[in-house]
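The values are calculated or read from the model by the stated rules, or taken from the named source; none is laboratory data. Given the structure is predicted, the values throughout are model-derived calculations rather than measurements. When we count neighbours, we look across all protein chains shown, and the Cβ atoms used for this are built from the backbone with ideal geometry, even at glycine. Please note that ligands, DNA and RNA were not included when accessible areas were found on the heavy atoms of the full protein model with its side chains. Shrake-Rupley method; radii C 1.70, N 1.55, O 1.52, S 1.80 Å.
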Amino acid sequence: MDMDPLIDISVSYDRTWQRRGCTSLYNVGVCIDLLTGLVVDFDITTKYCHACHIQKAESMNATDLAVWKEQHDCCTNHHKSSKSMEQDSAVILWNRSVAKYM
């Protein structure tokens, strides 16, 4: 008898954007169980950090800004184009499920 804790489910992937088009700063990717409709996992990708935006607006000199960035826990986790957020979020969810359940 196989005692593998894996559960065989079928999932669907969907995402939502902050705004339409390929200029959004935020993306939410979601894996949904096809049978129950329950969310299995989600990932939020963002190209924007409000704290970084405020610091840049305060016109700090380059040295002070570099020191501040070393100490700052930035929430930006995507540095490519907005269009690539959907694919990257799906890859993150897939890799997370493989690492978590295999």
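Observations
- Taking the range 65-90 as the range and being open to solvent by 80 Å² or more (accessible area, probe 1.4 Å) and not in a loop (DSSP other than H, G, I, E, B) as the test, the residues that pass are Lys69, Glu70, Gln71, Lys83, Gln87.
- Only a single item in (1) at pLDDT below 85; (2) surrounded by 14 or more Cβ atoms within 10 Å (Cβ to Cβ); (3) hydroxyl-bearing (Ser, Thr, Tyr) is not met by Ser59, and it is number (2).
- One residue alone among Leu25, Leu38 is surrounded by fewer than 12 Cβ atoms within 10 Å (Cβ to Cβ) and of a type outside the set (Ser, Thr, Tyr), and that residue is Leu38.
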